[in-house]
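*Asks:* Below is one structure. I have some questions about it.
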Amino acid sequence: MKVLVTAASKHGGTGEIADWIGETLTENGIDAEVRLPEDVSTLEGYDAVVLGSGVYVGKWLASATHLVERLGREFRDRPTFLFSSGPAGDPPKPDTDPVDAVKIREATGAEDHIVFAGRIARDRMGFGERAVITALRVPDGDFRPRADVETWARHIAERLTASPAASAAAR
Ligand SMILES: Cc1cc2nc3c(=O)[nH]c(=O)nc-3n(C[C@H](O)[C@H](O)[C@H](O)COP(=O)(O)O)c2cc1C
């Protein structure tokens, strides 16, 4: 069972979430490979995909949406799991879905889309981004829920390693 984990990240927070997912899948008996979306030219050779992105002004980053545009049909041929990383604060805001993932779910045939809180690191941002974050009163900090990410990845591993009959019933 070989699984691709690929995520678009501007400031590294979502990239690290992809690494945590890859590590958890590996610990649970999956051959997981973590790659940048722009480095993925085919899904050939992967039995399933975990795809994610940081959310910027209500949208996924371009490298993730471009990957879906390029390889939509290949996603639909294998189990696909989506995640977004964005909301910040305690409790994280926005508390509604920060991204309209309906189109991405349709294009990929994904089984799941989960939203994780993100990381706001002003020291990594340029002037424009800092201005947006300040205007929206988004607090600095790392709000990424590592334990929840790992639990989600364990569920994916369980789903993928379940007996063929069980996974057919789950579809
Ligand atoms: C300019 C800017 C706009 C953002 N817009 C959103 C947004 O619309 N919704 C949201 O939930 N998070 C938003 N965020 C928060 C980021 O998604 C969050 O910090 C995420 O963890 C960044 O991931 P990255 O480090 O992988 O780039 C925004 C952050 C910045 C700097």
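The values are calculated or read from the model by the stated rules, or taken from the named source; none is laboratory data. Just so it is clear, the model here is predicted, and its values are computed rather than measured. When we count neighbours, we look across all protein chains shown, and the Cβ atoms used for this are built from the backbone with ideal geometry, even at glycine. Note: areas computed on protein heavy atoms with side chains; ligands, DNA, RNA excluded. Shrake-Rupley method; radii C 1.70, N 1.55, O 1.52, S 1.80 Å.
*Asks:* Could you state the angle between the C-alpha long axis of helix 13-27 and the longest principal axis of the C-alpha atoms of the chain, as a value from 0 to 90 degrees rounded to the nearest 10?
*Replies:* For 13-27 against the chain, the angle is about 30 degrees.
*Asks:* Moving on. Pick out, in residue order, every one of the GluC sites (Glu not before Pro) in segment 90-146 that is DSSP loop and has at most 16 other C-beta atoms within 10 Å; say none if there are none.
*Replies:* GLU111
*Asks:* Leaving out ligands, DNA and RNA, and with a 1.4 Å probe, what % of the accessible surface on the chain is carbon or sulfur?
*Replies:* 51
*Asks:* Just how large is the dipole of the chain about the Cα centre, in debye to the nearest 20, putting +1 at every Lys and Arg Cβ and -1 at every Asp and Glu Cβ?
*Replies:* Here the size comes out at about 440 debye.
*Asks:* So how far, in whole Å, is the C-alpha centre of segment 37-81 from the one of segment 14-33?
*Replies:* 16
*Asks:* About the Cα centre of segment 74-163, how large is the charge dipole given +1 on each Lys and Arg Cβ and -1 on each Asp and Glu Cβ? Please answer in debye to the nearest 20.
*Replies:* 220
*Asks:* Can you list residues whose amide H is under 5 Å from ILE114's amide H, if they're 5+ apart or on another chain and H is modeled 1.01 Å from N?
*Replies:* LEU82, PHE83, SER84
*Asks:* Give me the distance in nm between label points sitting 7 Å out from Cα along the Cα-to-Cβ direction at GLU69 and ILE114, one decimal.
*Replies:* In this crude label model, GLU69 to ILE114 measures out at 2.9 nm.
*Asks:* Could you give the accessible area per residue of segment 49-171, probe 1.4 Å, as a whole number in Å²?
*Replies:* Roughly 56 Å² per residue, with all protein chains present.
*Asks:* Next question. What residues qualify as long-range amide H neighbours of VAL34, i.e. H under 5 Å apart, gap of 5 or more or another chain, H built at 1.01 Å from N?
*Replies:* VAL5
*Asks:* Gain in length, THR151 to VAL57, computed as 0.36 nm per residue apart minus the alpha-carbon separation, to one decimal in nm?
*Replies:* 31.1 nm
*Asks:* While we're looking at this one, here's another question. Would you kindly state how much longer the chain becomes between ARG35 and LYS103 on full extension, computed as 0.36 nm times their sequence separation minus their alpha carbon distance, in nm to one decimal?
*Replies:* Fully extending the segment from ARG35 to LYS103 adds 22.2 nm.
*Asks:* More than 27 Å apart: what percent of Cα pairs in the chain qualify?
*Replies:* Numbers: 3406 of 14535 pairs.
Looking at the chain, the distances longer than 27 Å represent 23 percent of pairs.
*Asks:* Moving on. Taking Cα pairs under 8 Å and at least six residues apart, what relative contact order does segment 66-171 come out at, in percent?
*Replies:* After rounding, I find 28 percent.
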